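The values are calculated or read from the model by the stated rules, or taken from the named source; none is laboratory data. From a predicted model like this one, the values you see are computed outputs, not experimental measurements. Quick reminder, even Gly has a Cβ in these numbers, built from the backbone with ideal geometry, and neighbours come from all protein chains shown. Just so you know, the surface numbers come from the protein's heavy atoms only, side chains and all, with ligands and any DNA or RNA stripped out. Shrake-Rupley method; radii C 1.70, N 1.55, O 1.52, S 1.80 Å.
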Amino acid sequence: MNNDRSATVVRGACHHDCPDTCVWNVTVQDGRAVALHGNRDHPTTAGQLCPKVNRLLDRVYHQDRLTTPLRRVGPKGSGSFEPIGWNDAIASIAERLTALCDGPGAESILQYSFAGTQGMVQKGVMADRFFAALGASDIKRHLCGVTARIGAAEVLGTPMGFDPQDIAMAQTILLWGTNTYLTNRHLWPFIEQARANGAVVVVIDPVATATAQKADELFQLKPGSDVALVLGMVNILIAEDLVDHDWIHSNTTGWDDLRSAALTMPVERAGRITGIDPLRIVWLARTYAARQPSAIRTLVGPEHRKQGRDIMAAITMLPAVVGAWRHSGGGLARSTSVYFEEALNVVAPEGPARRSFNMARLGEILTDKGLHPTIQALVVHNSNPAVIAPDQNRVIEGLEREDLFTVTIDQFLTDTARYSDIVLPATTQLEHLDLADSWGHLYLALNKPAIEPVGQSLPNTEIFRRLANAMGMDDPVFAATDEDVVRELLDSAHPLMDGITFETLERDGWARLNIPHGHRPYLRAGVEDRPKMRLRAVEYRPGDEVPGRGASAWPLQLLSPKQHTKFLNANYGGFPEHHPQAGQPVVSLHPTDAQARGIVAGDEVRVHNDRGSLTLEAVVDPALLERTVSIPFGWWHAATPEGRSVNVLTNATVPDDDIGSAFFLETLVEVTRAE
Ligand SMILES: Nc1nc2c(c(=O)[nH]1)N[C@H]1C(S)=C(S)[C@@H](COP(=O)(O)OP(=O)(O)OC[C@H]3O[C@@H](n4cnc5c(=O)[nH]c(N)nc54)[C@H](O)[C@@H]3O)O[C@H]1N2
Ligand SMILES: Nc1nc2c(c(=O)[nH]1)N[C@H]1C(S)=C(S)[C@@H](COP(=O)(O)OP(=O)(O)OC[C@H]3O[C@@H](n4cnc5c(=O)[nH]c(N)nc54)[C@H](O)[C@@H]3O)O[C@H]1N2
Ligand code: SF4
Ligand SMILES: [Mo]
């Protein structure tokens with residue numbers, strides 16, 4: 001019997017906020033998705049998805065999937081809702097937003113959204129048009145990557161790195177503050193390819209991560225001490241004349257300033273600050289300069305710090321010092337977003353000038369009575385701020401406000417949705433059209449809907465179209481279909497897009513931007529159109545909340561990393577089938593810190609600071625440095641007795657200019673045995 005007779009295969013692309021943007025094949029039978037596999041021909045997916053997305057169909061058809069709009073009937077946070085119809089839901093939201101526009105003004109409305117889907121259409125095209133037309137308060141989507149980007153662009157003139165796939169050509173690979181094996185797993189085979197050709201792989205991270213365990217060398221530096229390591233390396237490069245004078249002369253400015261800063265950082269001093277044996281710093285500098293092509297790979301690890309920009313700038317200067325950009329597979333490989341920004345036709349929505357807030361400050365914004373006007377309505381989509389935003393108690397204090405009208409659009413009743421007045425059911429990537437760019441490689445992909453929407457769920461775009469219509473917005477931009485939006489994005493004369501059209505994407509599923517393998521993006525820096533690279537002095541500065549400074553009552557530094565293979569940010573923390581074996585979040589401590597507090601593995605402990613407290617089971621882990629503790633990110637509130645997760649402890653401070661990520665990692669805590 002041929003079971004496949006009625007089956008069709010539909011190609012799509014993963015929507016998650018993950019650098020890999022995998023391409024998949026969905027098998028559909030009688031209208032139901034019955035199988036999902038990584039596409040074998042897609043150059044980075046190569047037939048493999050990942051442990052979380054292998055189970056995506058369970059998520060699509062999950063019993064907890066939201067299938068109708070809901071209206072709150074119990075206290076905020078209680079999770080008591082009644083189903084309502086779409087017309088009723090849209091009319092009540094439109095009525096409330098209209099009243100706010102007529103009363104305190106449109107800026108009393110705030111949209112909150114991030115990268116729940118990073119598809120270019122569903123991420124926010126219609127929502128951005130809607131809120132711009134309304135004149136609502138705008139959101140700076142800066143939780144991830146913006147600080148790293150600014151740090152790199154300060155040096156390079158653009159945030160552009162080399163194609164990460166070309167790391168296969170490198171001989172020295174520094175994985176600098178990135179947990180590749182977990183967070184960017186489809187890059188790993190290219191690293192292994194380099195290794196097979198003799199490359200040495202070095203991890204620079206305060207934690208002996210899964211990636212560190214796979215690497216040749218781990219430089220387990222003290223958190224936030226990267227600038228001292230970079231300067232120590234440059235100091236050796238100068239002393240041993242391993243500097244590429246020609247490259248520096250032709251392609252950079254500011255070398256004298258960097259040089260002077262490096263001369264203040266002999267390796268002994270760098271060793272004291274970083275906690276790394278000075279002889280190993282010498283080895284690292286020599287290897288980096290001599291075994292070229294040398295590649296630095298980084299994503300966002302070190303950016304979530306007060307000195308984040310400087311750290312990212314310091315790392316970005318290293319390739320110029322040794323002329324690594326001369327070689328294919330040499331230089332810095334970071335987010336590839338900028339290639340797609342250049343290539344595609346991304347049009348900013350039109351509307352009046354309006355105030356804008358950094359999304360990390362949500363707790364402060366919702367509880368600030370001094371704002372003019374104060375925030376009276378919050379519309380959340382593609383995000384779960386009750387879990388992902390720092391200073392969680394303050395966020396919850398805001399979400400609990402009876403006078404705040406909150407709408408959440410999601411696929412599940414998330415911790416944020418529970419505090420909402422109206423909850424709207426969103427489609428998943430299997431149910432809507434999208435165009436997928438990537439921040440980890442150079443392939444663009446078309447995601448075709450494979451099945452009809454589950455229940456009454458709707459794409460984000462359609463929800464904002466209906467809202468716009470209900471509020472009398474008749475601009476033709478709201479009439480555009482999802483396919484119109486994709487075609488508009490592709491409507492670009494940029495040479496990177498030559499030969500790539502909606503039709504070719506439909507036929508092939510994906511396309512590589514027109515960039516040759518082995519591309520050297522700065523080969524002619526300073527000679528032709530690009531400005532010279534700007535080298536400058538950097539100075540190691542300890543963060544505000546570090547031991548020995550600031551609050552001595554909280555002597556331990558808290559890390560809150562992505563750690564579980566079946567989590568993707570906050571997407572799966574509420575699903576027991578995605579939990580690690582322990583079944584709950586734990587706090588890991590170094591043996592010395594545990595012993596000093598009379599804590600043994602398995603004890604129930606309280607992790608606390610002036611922002612909040614969590615009761616967790618202790619794990620004693622020598623992979624951490626002393627005075628560093630770690631709690632995994634992504635768990636939902638139900639996982640702890642307090643009904644909170646790790647961001648209850650984290651620091652929501654952002655740079656003074658409100659641009660860039662929060663200082664999540666500038667967080668001090670104390671751990672005590674629970675009584
Ligand atoms: N302590 C700590 N905090 C962190 C981090 C950390 O490492 N530690 N990491 C930070 C980083 S790097 C990031 S990127 C942020 C992530 O923050 P977010 O982008 O907010 O998190 P996600 O969990 O990826 O996605 C949020 C929601 O989007 C929903 N969603 C998915 N697809 C769709 C869709 O098509 N439509 C709608 N309406 N909803 C959809 C999902 O169901 C999910 O509930 O968190 C930050 N917060
Ligand atoms: N499985 C899985 N994959 C994911 C995600 C997920 O939740 N789960 N999330 C996705 C998202 S949104 C993002 S942004 C990426 C993030 O991808 P990465 O940037 O690779 O991951 P992070 O865990 O944010 O940080 C990387 C490392 O930085 C280290 N670090 C912390 N402070 C410092 C420091 O001061 N110096 C140095 N050198 N290192 C430091 C941390 O210990 C951590 O191991 O991952 C994506 N991929
Ligand atoms: S989450 Fe990342 S690794 Fe997993 S399928 Fe999606 S893009 Fe690929
Ligand atoms: Mo992120």
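Structural remarks
- Condition check for V347: in a loop (DSSP other than H, G, I, E, B) and closer than 30 Å to L134 by Cα: yes
- Which listed residue is modelled with pLDDT of 95 or more, among the aromatic types (F, W, Y), open to solvent by 30 Å² or more (accessible area, probe 1.4 Å) and within 15 Å of ligand 1 (Cβ to nearest atom), from F114, F81: F114
- Here the stretch 533-553 is the region considered, the condition is being at pLDDT below 95, open to solvent by 60 Å² or more (accessible area, probe 1.4 Å) and of a type outside the set (G, A, S), and the residue that is farthest from F162 (Cα to Cα) is R549.
- Matching residues in the stretch 1-57 - criterion: being part of a strand (DSSP E or B), among the small types (G, A, S) and either surrounded by fewer than 19 Cβ atoms within 10 Å (Cβ to Cβ) or within 16 Å of ligand 4 (Cβ to nearest atom) (or both): A35
- The condition of being within 24 Å of N358 (Cα to Cα), in contact (Cβ under 8 Å) with a residue 40 or more places away in the chain, surrounded by 24 or more Cβ atoms within 10 Å (Cβ to Cβ) and within 16 Å of ligand 1 (Cβ to nearest atom) holds for only one of T180, T147, that being T147.
- Cβ-Cβ distances below 6 Å connect the following pairs, each with a first residue in the stretch 384-401 that is of a type outside the set (D, E, K, R), a second residue that is surrounded by fewer than 21 Cβ atoms within 10 Å (Cβ to Cβ) and part of a helix (DSSP H, G or I), and a separation of six or more residues or different chains: G398/T367.
- Residue within the stretch 122-141 that is away from ligand 1 (no atom under 16 Å from the Cβ) and assigned to a loop (DSSP other than H, G, I, E, B) present: yes
- Residue among D277, D310 that alone is more than 21 Å from T158 (Cβ to Cβ) and charged (D, E, K, R): D277
- Taking the numbered list (1) outside any helix (DSSP H, G or I); (2) out of contact with any Ser or Thr (no Cβ under 6 Å at 6 or more places or on another chain); (3) not β-branched (V, I, T) in turn, R280 passes all entries but (1).
- A470 more than 25 Å from D20 (Cβ to Cβ) and either free of Cβ contacts under 8 Å to residues at least 60 places away in the same chain or of a type in the set (G, A, S) (or both): yes
- Subset of the stretch 575-599 [open to solvent by less than 60 Å² (accessible area, probe 1.4 Å) and of a type in the set (A, V, I, L, M)]: V586, V587, L589, A594, I599
- Taken over the stretch 637-675, the residue count meeting the criterion of being more than 20 Å from L559 (Cβ to Cβ) and free of Cβ contacts under 8 Å to residues at least 60 places away in the same chain is 5.
One line per residue, one yes/no per condition, for (1) within 16 Å of ligand 2 (Cβ to nearest atom); (2) out of contact with any helix residue (DSSP H, G or I) (no Cβ under 8 Å at 6 or more places or on another chain); (3) within 30 Å of L446 (Cβ to Cβ); (4) not charged (D, E, K, R):
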| site | (1), (2), (3), (4) |
| --- | --- |
| Q122 | no, no, yes, yes |
| C144 | yes, yes, yes, yes |
| A153 | no, yes, yes, yes |
| P164 | yes, no, yes, yes |
| T183 | yes, yes, yes, yes |
| F190 | yes, no, yes, yes |
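- Qualifying residue in the stretch 623-641 (condition: modelled with pLDDT of 95 or more, within 16 Å of ligand 3 (Cβ to nearest atom) and closer than 18 Å to Q392 by Cα): yes
Matching residues to (1) among the small types (G, A, S); (2) assigned to a loop (DSSP other than H, G, I, E, B):
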site: L558; (1), (2): no, no
site: P561; (1), (2): no, yes
site: K566; (1), (2): no, yes
site: N569; (1), (2): no, yes
site: Y572; (1), (2): no, yes
site: E577; (1), (2): no, no
site: A582; (1), (2): yes, yes
site: V587; (1), (2): no, no
site: T592; (1), (2): no, no
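- Members of the stretch 623-651 that are assigned to a loop (DSSP other than H, G, I, E, B) and within 16 Å of ligand 4 (Cβ to nearest atom): P632, F633, G634, T650
- Of all residues making up the stretch 600-611, the number that are open to solvent by less than 30 Å² (accessible area, probe 1.4 Å) and either within 24 Å of the chain's Cα centre (by Cα) or within 16 Å of ligand 3 (Cβ to nearest atom) (or both): 0
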